[in-house]
Every structure is written in C-alpha cells, then in structure tokens.
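Undergrad: A single structure is presented below for examination.
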Ligand SMILES: Cc1cc2nc3c(=O)[nH]c(=O)nc-3n(C[C@H](O)[C@H](O)[C@H](O)COP(=O)(O)OP(=O)(O)OC[C@H]3O[C@@H](n4cnc5c(N)ncnc54)[C@H](O)[C@@H]3O)c2cc1C
C-alpha cells in the first residue's frame, strides 16, 4: 500500500478530506461561486492549480442578475467582462440606440432628455447644474485609487451625499430625480460618503451611458457563470463554509463536519457572509470592523411577468427610466415567449422599510403603482420572481456603497491577502465595486495573488491615510485653491453661474462636518422571521451547474453521520406596515 494511500485513509479516519493529499500539484479552495469566485477558480485551474470551489447555495452565480438578457458595456468600459464573453464565445447583440440614454417619468408623463429641456426647462437646467457640480467634484480627485489623497478630499469622507445635495438647493422635482438615480445606483444619499460618490463619479467621468449599455447578453450574466462552471473540474454546491483555519502548512476549510485541506484559499463571499465564517487565527479589529460596519446598498429585485407589454400604448419604456414618484425606475425586458417582463429594483430606505412585507405583498404594492399608470397591468399580470439580496444571509446586501467615514478606515483593506487567504468579490475592487466587471477583476487579482504567495511573496499591510498626514498634504492642495467653492457650485474655469447657490464656508483643513448618517426607517438586520422565504425558488432560472459535474466530483469523506448545516433561509417578517413609495431599477 502506497504512502499516499495510507495518508488518505488516515484522513478519512480523521474526517478530513485533503485536496492536496491525492494531488501532486498546488491546491487551492475557492469559497463562493459568484462571478468573482468562478473567475479565481478558472484562472487558477488554467495555471495548473488543483481547485475546489465551494458554494453555499444549490446553484452558482451569486448576485449575478435575475434579468434574462442584461445590457453590458463595451470593451472600453468593461474590458474584463468583454474578454470572458469572447473567450467563452458567448453571443451578444448590439443595443438599440434608445436604451443607451436615460429618460424620465415625471408625475406620470414620459420625457426623453431632449423633451425635458423644452417642456420642463427648470428641471432640465437644475439637472445640468447638478451634473456640472458633480463633474467638478469628480475632477478634484486625481487618482481614484487613492481618493483621500489630501485633507480636503479626506474631509469629504465625513460628509454624506445628501448634505452636499442640500446645499445645491435643487428644485423639488430635480432633487427627487437625482435622489432616485443615486439610490438606484448606490444607496440612499443620506447613507453614502460624499468621497465615495465623488470617487465613483471620477471613475466613470467621461464614460457615456451609451458605452455602458452597448450590447445585450442574451440569458444575462447567469450565462457567463455557467460558462465558467463548465470549465471547472471540481465544484461543490450546497456547501456553506463555516470555518477556515490556517497555519504554516496549509488551510482547513470546514463545511459542517466535513473538512477540506489545501495550500491556499480564495475567499470570495460578501462581507456579511464572511461574518458568519469562523477564522483561525481570528481577524484583527480593523477587518472585523469592516465586516460589520461597511455599508451595502439595499435592493430587492422583482421581475413582473405580463402576457403582453402593457406599457407600449403610452411610452417607450425600455432602458433606464427615472421617475419622481411611485415607481422610481424601470427596466423593461423584451417579450419572452409572447409575454413581457419588467425588472424592478426597490432600492434605498424605501426598500429597507419594505422588508416588513412578504414577497406577495411587495409585488402587490408595485402592481398597484404600475396599474395606476398602465391600466392593463393587472389584467395582463401572470406572475413574478423576487430576490431579496439584503435579507439573504449569504449576501447581506446588494453591493458595497461606502458610508461616511468608511473610506478613511477601510480603503483597499481586502486587496491584501492574510497569510494563506486572498480575498475576492466586488467589494474588494477599488474602481468598479458593485459591478460584474469589478467582481471579475477581483477574481483575477486574487488568482494572481495566490500565485505570488506560492512563489514566496509577502504582502504589506494596507495603508490607510492617517488624518494627520492627510492634513499636511491638504495644505499643499489648498494652495491650488478654491476647491470647496467648486464643490458646492462654482468652478475653477469660469465664474459661478448667476443661479448657482452661494458657496458654503470652506471646511478644510479644519474639522470636517460631522458625519450625519440618517437613521434607518427600519433596522438593517431583518426582524425575526415570521415565515421563511425560499432562498432560491426553482422558477428563478438560476445558473444551473451541470448536474453530472456537481455530483461526479470527488465527494469529501464524511467523518460522522452529522449533516453539514443547511443554508439559512432569508429572514423576512410578514407584518405589513404602511406602504411606502416604491422605486424600481434595472439589472
Ligand atoms: C440588484 C442588483 C443589481 C445589479 N445590477 C448590476 C448591473 O446592472 N451591472 C453590473 O455590472 N452589476 C450589477 N450588479 C452587481 C453584480 O451582480 C455583482 O457585483 C456581482 O454579481 C458580485 O459577484 P461576487 O462574486 O462578488 O459576489 P456574489 O455574486 O455574491 O458571490 C458570492 C457567493 O458566495 C456564496 N457564499 C456566501 N457565503 C458562503 C459560504 N459561507 N460558503 C460558501 N459560499 C458562500 C454566495 O452564495 C454567493 O454565490 C447588481 C447587483 C444587484 C444585487
């Protein structure tokens, strides 16, 4: 009997399955089967690693969209996504011109951007003023990878976006539309760090909406997840990881009572899910603080299905359409099998409040509002699918959206591996968090870090700019002048327009305004469940891992008869509260 075989038998008796025991090669476990984990697994397998991917849910793809045919950006805006689309030979179709620019629904009336300028000039002008001021703010960030480069910028991290918007004194309709746009893309303005908003605006500065919606991926991002999965040799679904321990020799990852061993781990789960994994050695206070404190945007996503596209009679309703009331934003899917779908995102604080509703109650609230605008809606309605990302314990939110003070504390914290663990996931990308592109980039980064670790490279602790040195740098920046005049409405280049609000008193480098996070209308943590909701209803068309592959892969040897802990169901209370305005957004 060979030594390898004896070792394997010993591990069986110990209840540990060693990924490395039977392999000659370097071994890695990827935790999380969203697009970041799939990318890391794929890249490492291509480099000769023996990879085991562990996913908590029965299906892969994580938060990748429920929309069945998402729009994707072009090569220039989403190069990594486009690279994989072409590697896997996925089909895309070019976007028609009309979905490439946003439009508006104001008090029930539909406006293109051009219509708005002629029919609602005050609103159009206010939106322009907002965009111009935001652009100036974005311009003030030289390097989006280092947004808090000086004390002035550092101070922006202590301010919320709503503080800043208040000072713009936008007319009511314009402010509603702006609030809607921000909460659908990030989170409620009152919960967002102004520095984060500025940094993201800097990243996308000069990028046209049309380039971000250049083509359509039929089947949506789940198709991409499937394409990755087809390439991977070892995937274990329904395997929620409960602990990871590492020492100088390797790592042990546990799924209930089953242990897996390997040389390295890529941890590709969202922060709230990471909070449920026991780490040995324990994470330090900064990492624990980031896990608990980092703000995530709040979204619930609903797909309503109709027999016919009920919206066609009134307006072109495809693409991003912002509304100032009721339904805040829509994304209409093309007709499928003679019907039509509309994907709606409930976002920000309204969505937080809606957690008090059960699935059907939420759908009813949305239908009531849609029906008011499209009287055929109820009659044509055939069913729905719903995903509640924020109350799903394996996700715990829509995606990263730094709150006030959080860039100062946690900037790029997760880009640095901790001993044998590298981190991936949209929340670990400095430039494109909250996107597919960001998730894919971090999978690639984590894969190359694992290679570096294996080659003996060590990673320096992340540097967070301390306030004192930022203040010193700020003194230099201050000489360049006039930043805060620009921030609230002026410009470096031209005098402030007559209608611009008066500049506020500069706040830097002296103490910044205290962060003013708005109290939540409902607790972020879901209340105790009254009735559990299905984590993954079968009808959702999730990414299906080829059954043969999932089953056929090496099953870990179970030490005891004890079953792995089941994935917890999302907690939702069905106690109905006063209905709130719903908003909708696209995938
Ligand atoms: C409503 C909404 C709309 C969006 N719209 C867009 C858009 O239009 N364009 C765009 O580019 N991006 C969009 N995104 C963002 C995009 O979907 C995400 O950035 C991306 O899917 C995140 O991938 P990820 O791998 O980082 O995380 P995830 O997809 O969340 O993957 C993490 C995986 O880890 C698993 N997991 C968690 N805990 C454990 C555990 N203990 N053990 C094992 N596995 C575990 C989870 O089940 C999950 O599958 C949207 C996201 C949402 C929520």
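Undergrad: Inspect the stretch 417-434 for any residue being farther than 13 Å from residue 34 by Cβ, part of a helix (DSSP H, G or I) and within 16 Å of the ligand (Cβ to nearest atom) and give the result as yes or no.
TA: No, the stretch 417-434 contains no residue that is farther than 13 Å from residue 34 by Cβ, part of a helix (DSSP H, G or I) and within 16 Å of the ligand (Cβ to nearest atom).
Undergrad: Let me spell it out: the conditions are (1) out of contact with any helix residue (DSSP H, G or I) (no Cβ under 8 Å at 6 or more places or on another chain); (2) more than 16 Å from the ligand (Cβ to nearest atom), and residue 57 meets all of them except one. Which number is the exception?
TA: Only one criterion is unmet by residue 57, namely (2).
Undergrad: On to the next question. Test residue 69 against the stated conditions and say whether it is at negative phi, near the ligand (Cβ under 8 Å from one of its atoms) and modelled with pLDDT under 95. Walk me through how you get there before you give the answer.
TA: Working: at negative phi: yes; near the ligand (Cβ under 8 Å from one of its atoms): no; modelled with pLDDT under 95: yes.
No, not satisfied.
Undergrad: Out of (1) at pLDDT below 95; (2) crowded, with 20+ Cβ neighbours inside 10 Å, the odd one out for residue 15 is which?
TA: It fails just one condition, (2).
Undergrad: Next up: Take the conditions farther than 30 Å from residue 274 by Cα and crowded, with 23+ Cβ neighbours inside 10 Å and apply them to residue 363. Does it pass? Give the steps one after another, and end with the answer.
TA: Values: farther than 30 Å from residue 274 by Cα: yes; crowded, with 23+ Cβ neighbours inside 10 Å: no.
Criteria not met by residue 363.
Results for (1) more than 16 Å from the ligand (Cβ to nearest atom); (2) out of contact with any strand residue (DSSP E or B) (no Cβ under 9 Å at 6 or more places or on another chain); (3) not in a helix (DSSP H, G or I), shown as yes or no for each residue.
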| site | (1), (2), (3) |
| --- | --- |
| 63 | no, no, yes |
| 84 | no, yes, no |
| 105 | yes, no, yes |
| 133 | yes, yes, no |
| 138 | yes, yes, no |
| 153 | yes, yes, no |
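Undergrad: State whether one or more residues within the stretch 231-246 are in contact (Cβ under 8 Å) with a residue 24 or more places away in the chain, assigned to a helix (DSSP H, G or I) and out of contact with any strand residue (DSSP E or B) (no Cβ under 7 Å at 6 or more places or on another chain). Reasoning before the result, please.
TA: As a first pass, look at the stretch 231-246 and keep what is in contact (Cβ under 8 Å) with a residue 24 or more places away in the chain: 231-246.
From what is left, the residues that are assigned to a helix (DSSP H, G or I) are 231.
Then keep just the ones that are out of contact with any strand residue (DSSP E or B) (no Cβ under 7 Å at 6 or more places or on another chain); that gives 231.
Looking for residues that are in contact (Cβ under 8 Å) with a residue 24 or more places away in the chain, assigned to a helix (DSSP H, G or I) and out of contact with any strand residue (DSSP E or B) (no Cβ under 7 Å at 6 or more places or on another chain), one finds at least one in the stretch 231-246, hence yes.
Undergrad: Determine, yes or no, whether residue 383 is more than 8 Å from the ligand (Cβ to nearest atom), on the phi > 0 side of the Ramachandran plot and surrounded by 19 or more Cβ atoms within 10 Å (Cβ to Cβ).
TA: On the way: more than 8 Å from the ligand (Cβ to nearest atom): yes; on the phi > 0 side of the Ramachandran plot: yes; surrounded by 19 or more Cβ atoms within 10 Å (Cβ to Cβ): no.
Answer is no for this residue.
Undergrad: Got a number for residues in the stretch 72-82 being in a loop (DSSP other than H, G, I, E, B), within 11 Å of the ligand (Cβ to nearest atom) and modelled with pLDDT under 95? Before the answer, list the steps.
TA: Of all residues in the stretch 72-82, those in a loop (DSSP other than H, G, I, E, B) come to 73-78.
Now drop any that are not within 11 Å of the ligand (Cβ to nearest atom), which leaves 73, 77-78.
If we keep only those that are modelled with pLDDT under 95 too, we end up with 73, 77.
Here the count works out to 2.
Undergrad: Here is a further query. For the stretch 86-101, which positions are modelled with pLDDT under 85, part of a loop (DSSP other than H, G, I, E, B) and surrounded by fewer than 17 Cβ atoms within 10 Å (Cβ to Cβ)?
TA: 96, 101
Undergrad: Name the residue that is farthest from the chain's Cα centre (by Cα), counting only residues in the stretch 386-418 that are over 15 Å from residue 193 (Cα atoms), surrounded by fewer than 23 Cβ atoms within 10 Å (Cβ to Cβ) and modelled with pLDDT of 95 or more.
TA: The selected residue is 418.
Undergrad: Counting only residues that are more than 19 Å from the chain's Cα centre (by Cα) and either at negative phi or outside any loop (DSSP other than H, G, I, E, B) (or both), how many does the stretch 198-216 have? Can you show your working first?
TA: Here is the first cut: in the stretch 198-216, the residues more than 19 Å from the chain's Cα centre (by Cα) are 205-208, 210-211, 214-216.
Subset that is either at negative phi or outside any loop (DSSP other than H, G, I, E, B) (or both): 205, 207-208, 210-211, 214-216.
Count: 8.
Undergrad: Hey, another quick one. Out of the stretch 168-184, which residues are assigned to a helix (DSSP H, G or I) and under 14 Å from residue 131 (Cβ atoms)? Step through it out loud before you land on a result.
TA: If we filter the stretch 168-184 for residues that are assigned to a helix (DSSP H, G or I), which is where we start, we get 168, 172-184.
Once the filter is applied, which keeps residues that are assigned to a helix (DSSP H, G or I) and under 14 Å from residue 131 (Cβ atoms), the stretch 168-184 yields 168, 174, 175, 177, 178, 181, 182.
Undergrad: Tally time: how many residues in the stretch 259-292 are within 11 Å of the ligand (Cβ to nearest atom) and part of a helix (DSSP H, G or I)?
TA: Qualifying residue count for the region: 4.
Undergrad: Scanning for something away from the ligand (no atom under 16 Å from the Cβ), touching a residue at least 24 places away in the same chain (Cβ under 8 Å) and closer than 30 Å to residue 74 by Cβ, does the stretch 437-444 turn up at least one residue? Break it down into steps so the answer makes sense when it comes.
TA: Pass one, the stretch 437-444, residues away from the ligand (no atom under 16 Å from the Cβ): none.
For the stretch 437-444, residues away from the ligand (no atom under 16 Å from the Cβ), touching a residue at least 24 places away in the same chain (Cβ under 8 Å) and closer than 30 Å to residue 74 by Cβ: absent.
Undergrad: Of all residues in the stretch 29-53 being crowded, with 24+ Cβ neighbours inside 10 Å and part of a strand (DSSP E or B), which is farthest from the ligand (Cβ to nearest atom)?
TA: The selected residue is 51.
The values are calculated or read from the model by the stated rules, or taken from the named source; none is laboratory data. Keep in mind that this is a model prediction, so the values were computed, not measured. Glycine gets a Cβ as well: all are built from the backbone with ideal geometry, and neighbour counts include every protein chain shown.
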